[in-house]
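Engineer: Pasting a structure below so you can have a look.
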Amino acid sequence: MTERLGAAGAILRIATHFEAASLDARPSLGWAAAVIENPALEAIGHQEAMALGAFLGNELAQRILAGLPDLADQKLAYGKGAIVGAAGRATDAGWILHPRMGGSIRRTIGFGKTILPSTVKVGAPGARLDVPLHGASDEWDFARLDAIEIGLSDAPRPHEIVVALALSTRLNPLITLAEKA
């Protein structure tokens with residue numbers, strides 16, 4: 001799938017991944033990652049990069065929500081990140097991830113008042129990224145603090161960016177046990 005996004009380039013593909021506590025359990029964590037052409041911020045400008053971030057926030061959140069159980073009564077943790085291909089710079093992802101992507105994600109999931117924690121790095125195809133997670137409604141909810149490793153075996157190529165979003169309803173078991181002690 002390649003979807004043109006005007007001067008901002010193209011989404012080359014979107015991958016999703018879900019995890020559950022056991023084989024018969026519903027997923028409690030999911031991530032989606034879009035592989036996009038690196039739009040070269042100097043060529044498209046800040047406004048178009050922010051619009052791309054808003055579009056990706058909505059698209060990635062919808063893909064994850066399709067695979068996670070109903071979130072209406074559950075607390076949620078979220079986080080985002082990007083891996084920029086070796087021909088780019090970490091700052092190439094900055095205007096995509098900030099400042100409009102988070103608002104788009106919160107609107108799509110229907111709640112959340114905290115900023116989305118994020119991380120960016122430059123990497124070769126197959127690079128992995130630890131995406132930090134914290135509570136969507138309370139960043140100090142220690143039972144929601146977590147991280148998820150994301151990565152695709154063949155991306156990013158030198159002129160690509162992998163933009164990822166992770167959502168989780170699972171609790172950090174060590175914190176949950178400590179609270180009961």
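The values are calculated or read from the model by the stated rules, or taken from the named source; none is laboratory data. Remember, it's a predicted structure, so these values are computed and weren't measured experimentally. When we count neighbours, we look across all protein chains shown, and the Cβ atoms used for this are built from the backbone with ideal geometry, even at glycine. Accessible surface is based on the protein model in full, side chains and every heavy atom, while ligands, DNA and RNA are left aside. Shrake-Rupley method; radii C 1.70, N 1.55, O 1.52, S 1.80 Å.
Engineer: Hey, any hits in the range 77-98 for a residue that's within 16 Å of T169 (Cβ to Cβ) and open to solvent by 20 Å² or more (accessible area, probe 1.4 Å)?
Structural biologist: Scanning the range 77-98, I find no residue that is within 16 Å of T169 (Cβ to Cβ) and open to solvent by 20 Å² or more (accessible area, probe 1.4 Å), so the answer is no.
Engineer: Condition first: open to solvent by less than 20 Å² (accessible area, probe 1.4 Å) and either touching a His at 6+ places or on another chain (Cβ under 9 Å) or of a type in the set (A, V, I, L, M) (or both). Now tell me which residues in the range 55-76 satisfy that.
Structural biologist: Within the range 55-76, L56, L60, A61, I64, L68, L71, L76 qualify.
Engineer: If you go through the range 1-12 one residue at a time, do you hit one that is under 20 Å from the mean Cα position of the chain (by Cα), within 26 Å of P158 (Cβ to Cβ) and modelled with pLDDT of 95 or more?
Structural biologist: no
Engineer: I need every pair where a residue in the range 17-29 that is in contact (Cβ under 8 Å) with a residue 60 or more places away in the chain and closer than 13 Å to I64 by Cα has its Cβ under 6 Å from the Cβ of a residue that is open to solvent by less than 70 Å² (accessible area, probe 1.4 Å) and of a type in the set (F, W, Y), sequence separation at least 6 or different chains.
Structural biologist: Filtered contacts from the range 17-29: H17/W31.
Engineer: Which is aliphatic (A, V, I, L, M), under 28 Å from R26 (Cα atoms), without any contact (Cβ under 8 Å) to a residue 60 or more places away in the chain and buried (at least 17 other Cβ atoms within 10 Å of the Cβ), of L133, L152?
Structural biologist: L133
Listed here are the residues, each with its yes/no results for (1) touching a helix residue (DSSP H, G or I) at 6+ places or on another chain (Cβ under 9 Å); (2) under 17 Å from E37 (Cα atoms).
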position: L60; (1), (2): yes, yes
position: G102; (1), (2): yes, no
position: I115; (1), (2): yes, no
position: W140; (1), (2): no, no
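Engineer: When you look at R26, is it modelled with pLDDT under 85 and assigned to a loop (DSSP other than H, G, I, E, B), yes or no?
Structural biologist: For R26, the condition - modelled with pLDDT under 85 and assigned to a loop (DSSP other than H, G, I, E, B) - is met.
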